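Read the structure below first, then the notes.
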Amino acid sequence: MSPPVTDTNQLLQEPDYPWVDTLPDLAHTIAVAPGVRWLRMPLPFALNHVNLWLLRDQIEGPDGSLQGWTVVDCGIADETTRAAWEQVMATQLDGLPVLRVLVTHMHPDHVGLAHWLTQRWSRPASAIDDGFECRLWMSATDFAAARLGSRADTAMGGDAAAAFVASHGLADAQALAQIRARARYYASMVPQVPATYRRLMDGGVLDIGSAQSSGRHAWHCLAGYGHAPEHIALHSPALGVLLAGDMLLPRISTNVSVDHLEPEANPLALFLGSLERLRSLPADTLVLPSHGKPFRGLHARIDQLQRHHADRLADVMAACAIEPRTAADLLPVLFRRPLDLHQTTFAMGESIAHLNALWHEGRLRRQCEQGVYRFSQTPA
């Protein structure tokens, strides 16, 4: 789901954007590496697009090799995105089918149309055909979270979400009422998730590619934490390409939030640790992010994001040293621009994440007074 991510462009010195002046038009693609195509889908948020990727592929079927495409991420489930996909399938796939759908994580802009796409390209067995199942591939944790969120009887927000942000100082009655009204917000963009899937795990290796195009390559699964329960990025050493999902974005910082489902979580520590693991990849890796443009400069970008969060943690510490602060009190400290409701919800989660990180480190103490948590500097 697209967050009110913090702009860190001021930190970016000289990124290498190979396609600096080029974007794929809606329902069109751009080749970015052998057998890899870049596709963009619109989003109805301030962050108005998500990047998707088409990988030329072949898989073994009951009657031999099947030529086609692996899709990485899907876009949200709405008519605009479905219509764009129909155009892509009619004009950009060289007349070949989608063989499988890989999803980096459970947020709606990534998994929203997974059910529709897999159903669209599956066919039942018949007297003359063994049929074919286009399968969803994703991590077990994010698959379970997406299935839970898409259920009609499950509220991923609503009263519980409103009570949680209120306990962290958000007192605006209109904002709380709007948050209560968003109980089915996730399900509106992810109305259904496939009943079955193939599991992606950290350290797993997928062979993707076609002998008839650019050849087959090993893609290594890299799990990342903090932004989603079990985000999977994919790295091809042979191609020098990282399908980074939301773990490494070029001009904005990935949203790292605490929500009502895990109120004492420490996702920021998990996220920073996951970023550090990506440092083992070559510095000249072509990073294909889910938002923004493809870029090179992976190590420098990791440094910038780590410095960005260190600066924000220092800002939080300085504010809490003056007087006890709620997460809502810190919104102007962390986000120095106006926020709409969609952005405020995520900004509250990110503010709590920074406070929880310092609390877990023992640098802040947390006290609850009249149902509201305030954080203050731990006495020396």
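Would you mention how many residues in the stretch 179-199 are aromatic (Phe, Trp, Tyr) and under 18 Å from the mean Cα position of the chain (by Cα)? Don't jump to the end; show me each part of the working.
Looking only at the stretch 179-199, we keep the residues that are aromatic (Phe, Trp, Tyr), and these are 185-186, 197.
Restricting the remaining residues to those that are under 18 Å from the mean Cα position of the chain (by Cα) gives 185-186.
Qualifying residue count for the region: 2.
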Selection count where residues are of a type in the set (Val, Ile, Thr) and farther than 30 Å from HIS107 by Cα, scope the stretch 343-375: 0
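Take the stretch 262-282 and flag every residue that is under 24 Å from ARG365 (Cα atoms), surrounded by fewer than 21 Cβ atoms within 10 Å (Cβ to Cβ) and either touching a Phe, Trp or Tyr at 6+ places or on another chain (Cβ under 6 Å) or touching a residue at least 12 places away in the same chain (Cβ under 8 Å) (or both). Full working, then the answer.
Keep residues of the stretch 262-282 that are under 24 Å from ARG365 (Cα atoms), which gives 262-273.
With surrounded by fewer than 21 Cβ atoms within 10 Å (Cβ to Cβ) added as a condition, the list becomes 262-266, 269-270, 272-273.
Across the stretch 262-282, the qualifying residues are PRO263, GLU264, ALA265, ASN266, ALA269, LEU270, LEU272, GLY273.
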Going through (1) out of contact with any strand residue (DSSP E or B) (no Cβ under 7 Å at 6 or more places or on another chain); (2) free of Cβ contacts under 8 Å to residues at least 60 places away in the same chain; (3) in a loop (DSSP other than H, G, I, E, B); (4) of a type outside the set (Asp, Glu) one by one, ARG82 fails only at (3)
Sole residue being among the β-branched types (Val, Ile, Thr), in contact (Cβ under 8 Å) with a residue 40 or more places away in the chain, closer than 25 Å to GLY158 by Cα and touching a strand residue (DSSP E or B) at 6+ places or on another chain (Cβ under 8 Å), chosen from THR326, THR285: THR326
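Counting just the residues of the stretch 354-380 that are in contact with a Gly (Cβ under 8 Å, 6 or more places away or on another chain) and farther than 14 Å from ALA319 by Cβ, which one comes out surrounded by the fewest Cβ atoms within 10 Å (Cβ to Cβ)?
Filtering the stretch 354-380 for residues in contact with a Gly (Cβ under 8 Å, 6 or more places away or on another chain) gives 372-374, 378.
Now narrow it down to the ones that are farther than 14 Å from ALA319 by Cβ: 372-373, 378.
On the way: VAL372: 17, TYR373: 20, THR378: 13.
Step by step, filter the stretch 354-380, then rank; the result is THR378.
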Identify the single condition in (1) closer than 30 Å to ALA162 by Cα; (2) in contact (Cβ under 8 Å) with a residue 40 or more places away in the chain that ALA318 does not satisfy, given that it satisfies every other one. (2)
Only one of GLY169, GLY112 is on the phi > 0 side of the Ramachandran plot and touching an Asp or Glu at 6+ places or on another chain (Cβ under 9 Å). Can you tell me which? GLY169
Going through the stretch 100-135 in order, the residues found to be surrounded by 24 or more Cβ atoms within 10 Å (Cβ to Cβ) and not in a helix (DSSP H, G or I) are VAL101, LEU102, VAL103, THR104, HIS105, MET106, HIS107, GLY112, LEU113
Check on ALA77, among the hydrophobic types (A, V, I, L, M, F, W, C) and surrounded by fewer than 19 Cβ atoms within 10 Å (Cβ to Cβ): no
Would you check if LEU341 is modelled with pLDDT under 95 and in contact with a helix residue (DSSP H, G or I) (Cβ under 8 Å, 6 or more places away or on another chain)? yes
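Results for (1) of a type outside the set (D, E, K, R); (2) free of Cβ contacts under 8 Å to residues at least 24 places away in the same chain, shown as yes or no for each residue.
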position	(1), (2)
MET138	yes, no
ARG147	no, no
ASP159	no, no
ALA166	yes, no
ALA177	yes, yes
ARG182	no, no
ARG198	no, no
ASP202	no, no
Qualifying positions in the stretch 65-105 - over 16 Å from the mean Cα position of the chain (by Cα) and hydrophobic (A, V, I, L, M, F, W, C): LEU66, TRP69, ALA83, ALA84, TRP85, VAL88, MET89, ALA90, LEU93, LEU96, VAL98, LEU99
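So, of the residues in the stretch 52-79 that are in a loop (DSSP other than H, G, I, E, B) and at pLDDT below 95, which turns out to be nearest to TYR185 (Cα to Cα)?
Filtering the stretch 52-79 down to residues in a loop (DSSP other than H, G, I, E, B) leaves 62-63, 73-78.
Next, from what is left, pick out any that are at pLDDT below 95: 62-63.
Numbers: PRO62: 41, ASP63: 43 Å.
Applying the filter and picking the extreme gives PRO62.
Could you list, in sequence order, all residues of the stretch 27-51 that are part of a strand (DSSP E or B), under 15 Å from LEU93 (Cβ atoms) and in contact (Cβ under 8 Å) with a residue 24 or more places away in the chain? Spell out the reasoning first.
Initial filter on the stretch 27-51 (part of a strand (DSSP E or B)): 29-33, 36-42, 49-51.
Filter again for under 15 Å from LEU93 (Cβ atoms), leaving 29-31, 36-39.
Once the filter is applied, which keeps residues that are part of a strand (DSSP E or B), under 15 Å from LEU93 (Cβ atoms) and in contact (Cβ under 8 Å) with a residue 24 or more places away in the chain, the stretch 27-51 yields THR29, VAL36, ARG37, TRP38, LEU39.
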Output the number of the condition that ALA310 fails; it satisfies all remaining conditions of (1) part of a loop (DSSP other than H, G, I, E, B); (2) of a type in the set (A, V, I, L, M, F, W, C); (3) under 30 Å from SER167 (Cα atoms). (1)
When you look at SER280, is it over 28 Å from MET156 (Cα atoms), part of a loop (DSSP other than H, G, I, E, B) and hydroxyl-bearing (Ser, Thr, Tyr), yes or no? yes
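Out of SER257, SER236, I need the residue that is touching a strand residue (DSSP E or B) at 6+ places or on another chain (Cβ under 7 Å) and among the polar types (S, T, N, Q). Which one?
Working: SER257 fails: touching a strand residue (DSSP E or B) at 6+ places or on another chain (Cβ under 7 Å).
Result: SER236 is the single residue among SER257, SER236 that is touching a strand residue (DSSP E or B) at 6+ places or on another chain (Cβ under 7 Å) and among the polar types (S, T, N, Q).
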Inter-residue pairs, beta-carbon under 9 Å, first farther than 17 Å from ALA31 by Cα and in the stretch 211-225, second of a type in the set (Asp, Glu) and outside any strand (DSSP E or B), 6+ apart: CYS221/ASP202; LEU222/ASP202; ALA223/ASP202; ALA223/GLU230; GLY224/ASP202; GLY224/GLU230; GLY224/ASP246
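The values are calculated or read from the model by the stated rules, or taken from the named source; none is laboratory data. All values reported here derive from a predicted model rather than from experimental measurement. Glycine gets a Cβ as well: all are built from the backbone with ideal geometry, and neighbour counts include every protein chain shown.
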